[in-house]
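None of the figures in this text is laboratory data; all of them are computed from the coordinates on show. This structure is a prediction, so every number in the text was calculated from the model and none was measured. For neighbour counting, all protein chains shown are included, and Cβ atoms are generated from backbone atoms with ideal geometry for every residue, glycine included.
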Amino acid sequence: MKRIMMFLLGGLMVFSAGNVWGYTEGISNSFFGYDSGYSNTTGYQNNFFGTSAGHSNTAGNHNNFYGSYAGFRNTIGSYNSFFGYNSGYYNYTGNYNSFFGSDAGFSNIEGAYNNFFGTSAGYSNTGGDYNNFIGGNAGLNNTEGNYNNFFGFQAGLFNTTGQKNNFFGTSAGYSNTQSDYNNFFGYEAGFWNSFGGYNNFFGSKAGFSNTIGSANIFFGNSSGYSNTEGSFNNFVGASAGFSNTTGLYNNYFGSNAGYLTTTGSSNSFLGSDAGYSNTEGSGNVFLGYQAGFNETGSNKLYISNSETDSPLIYGEFDNEYLEVNGDLNVAGYIQLDLTENSPPVADCDDPSEYGRQKVDAINKLLYICVADGWMSMQGGTPKVVVIPLM
């Protein structure tokens, strides 16, 4: 037997349809629309508004379904709020969900404590819990991912099982599928990220091309834009590390710092345009505006505040070499390297070595490298002590 009840609401005829095949204990329900609440038996305190809204509900309670086919297949799910055409259509046992928008949470079956706001937001979610998807198509393909927050049109669009991600901005984390613990903030931030985890990208298109790179921090519009597999990098500043693809353990601070670096690793560039042209070099330290701008090698030290090949301080870590291009004032003592007898001729046979000094503490001599070889001084009287250079 089927019972049809009619009410006058604001001068309009409203129909409430409820299936009462033999027996029903459901109380305090409000069903408005053709076949709304059709199968309800013991469910109570439900409000179903729209054609076939809550059609399959049997024992679910405290649900609010508004819109044609909203919560259509819900049976025992309770404390849900579905607003919009087909919203929560396949929800079966899921509880404490809020879906707002046409097709929002359409495929949810047993997922609980989810909030989906926007057309098709969380459309494919089946068993994922504790997610917040706000924006059209946000989290569209999420199936079982949990504890995600996607805010913006198509944010986290392809996420399926990734968990504990935060994507804020249009298409942020667009391609993320299974990776976890990412934070992408900004338009298309982390757009191509698929499996990279533990990343923090802040700024429009920051980390745009990242696919599997992990544990990166990119702050600034287009920072780390080309990074694909590079990990453990810190890029701070607009377009910092823009061209990096697979480089590891780099620290770039300043707009365009390390802009052209692609595969170089273990670099530290501090200052706008610092290390700008270095592509594959590793182990470099450049400090200052445009420091090391044209340097392409590795293991170099530049301290300057302009684009110059003669920085105030230059060094080579692999050769243990340091050069000061200017006056050096030392408040204290300078301790020179010690030697016994004459230093080796090979240590004073090139113009780049002129000016070297060593001390023979035993014989109380100071040796200085000059064009003719090592020159010794004792008591202020210089003399050449080795065979002149050939």
GNM of the chain, Cα pairs under 10 angstrom: of SER376, SER255, SER209, the biggest fluctuation goes to SER376
Relative contact order as a percentage, the chain, C-alpha pairs under 8 Å and 6+ apart, gives 4
How much length is gained if the chain between ILE362 and SER306 is pulled fully straight, taking 0.36 nm per residue apart and subtracting their Cα-Cα distance, in nm to one decimal?
-> 15.6 nm
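Determine, for the chain, the count of lysine pairs separated by eight or more sequence positions (or lying on different chains) whose alpha-carbon distance falls under 30 Å.
4
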Compute the label zone of THR246 within the stretch 204-231: residues whose backbone N is under 16 Å from the point 7 Å along Cα-to-Cβ.
-> 210-214, 226-231
Taking TRP374, TRP192 and counting other C-beta atoms within 10 Å, the order from fewest to most | TRP192, TRP374
Assigning unit charges at the beta carbon (Lys, Arg +1; Asp, Glu -1) and nothing else, what dipole magnitude in debye, to the nearest 20, does the stretch 345-384 show about its Cα centre?
-> 280
Of the listed values (1) 76, 47, 39; (2) 124, 35, 34; (3) 94, 45, 40, grab the one calculated as Cα extents along the principal axes in Å from the structure here.
-> (2)
Student exercise, the chain dipole from Lys, Arg, Asp, Glu Cβ charges, in Debye to nearest 20 = 2100
Taking Cα centroids, how far is the stretch 253-317 from the stretch 123-158 in Å?
-> 41
Using a Förster distance of 41 Å, the FRET efficiency for THR161-ILE27 (Cβ separation, nearest 0.05) | 0.55
Top positive-direction residue, dipole computed over the stretch 217-351 with Cβ charges, set VAL345, ALA291, ASN233 | ASN233
Give the order of TYR333, TYR249 when sorted by the count of other beta carbons within 10 angstrom, beginning with the fewest.
-> TYR333, TYR249
How high is the relative contact order of the stretch 345-384, in percent, with contacts defined as C-alpha pairs under 8 Å that are six or more residues apart?
-> 30
Going toward the positive end of the dipole of the chain, with +1 on Lys and Arg Cβ and -1 on Asp and Glu Cβ, which of ALA361, PHE242, GLY94 do you reach last?
-> GLY94
